[in-house]
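First up is the structure itself, then whatever we jot down about it.
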């Protein structure tokens, strides 16, 4: 009985912490209710190390090991909101940089299908373990070099990068449908979030958004 009571208390504490996170996101300007609902549905604490679980709902990036981080909640919400702005559906979505699986889980609440790529095999295994209990049928994980995208599943309606590219990967542009959107951080010392729209008539339009700080997008796999 004591164990059950402790489990219920822990779940209630996480629910309250998540609610505070959502209110914080509102104050920072996140307005899309579908995005806020997705952030509220996904338990961020299951994606971080147990020692950091008490900080899971702080608006900060947290270390995952392998020189990687789980993205700041605001940044996850902001990138997702940009992709669906104007009532646009996410559709079939490619995520580059699975990490612990958290952002893929959030995207799964809004996308028809999520394909998520990670270059570090051991980190991908961890993401798979984190995601399994949530039973998200529309998430597919792939070990590979995100710079190359996933041509066997292309084209994609939406693409989001959780690592900073030095320049926009050409392969990803080629895998974006006409009318599609891609959101990514670009830069080395000074990074900027870009939103790229593939015009239905051809060509790409870039919109500069916020200053951000991400781990770099590296080539190859390990």
(message) Within a 10 angstrom radius of the beta carbon, how do 100, 109 rank from fewest other beta carbons to most?
(response) 109, 100
(request) Neighbouring Cβ atoms within 10 Å as the yardstick, rank 143, 45 fewest first. (result) 143, 45
(message) Under the rule a/c < 1.5 gives rounded, and otherwise a/b versus b/c splits prolate from oblate, where does the range 88-145 land using the Cα gyration tensor?
(response) oblate
(request) Compute the distance in nm between two label points, each set 7 Å from the Cα along the Cα-to-Cβ direction, one at residue 41 and one at residue 152. (result) 2.9
(request) Set the Förster distance to 30 Å, then compute FRET efficiency between residue 201 and residue 142 from the Cβ-Cβ distance, nearest 0.05. (result) 0.45
(request) Specify the residue with the greatest mean-square fluctuation among 180, 29, 97, computed from a Gaussian network of the chain linking alpha-carbon atoms under 10 Å apart. (result) 29
(message) Can you compute the FRET efficiency between residue 88 and residue 166 using 1/(1 + (r/R0)^6), with r the Cβ-Cβ distance and R0 = 30 Å? Round to the nearest 0.05.
(response) 0.60
(message) Counting other beta carbons within 10 Å of each residue's own, what order do 117, 39, 195 fall into, fewest first?
(response) 195, 39, 117
(message) Multiplying the sequence separation of residue 190 and residue 128 by 0.36 nm and subtracting their Cα-Cα distance, what value in nm do you get?
(response) 19.1 nm
(request) Would you calculate, for the chain, the mean residue ellipticity at 222 nm contributed by helices, counting each DSSP H stretch of 4 or more residues as -39,500 (n - 2.57) and dividing by all residues, to the nearest 500? (result) -9500 deg cm²/dmol
(message) If each residue of separation counts as 0.36 nm, what is the full-extension length gain between residue 60 and residue 218 once their alpha-carbon separation is subtracted?
(response) 54.6 nm
(message) Viscosity 0.890 mPa s, temperature 25 °C: what is the translational diffusion coefficient of the chain from Stokes-Einstein with a Kirkwood Rh over Cα pairs, rounded to a whole number of µm²/s?
(response) 139
(request) Mind checking the full-extension length gain between residue 67 and residue 209? Use 0.36 nm per residue of separation minus the Cα-Cα distance, one decimal, nm. (result) 48.6 nm
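Only the coordinates and a few stated rules stand behind these numbers; no lab work does. Just so it is clear, the structure is predicted and the values come from calculations on it, not from any experiment. A quick note on method: Cβ atoms are made from the backbone with ideal geometry, for glycine too, and the neighbour counts reach across all protein chains shown.
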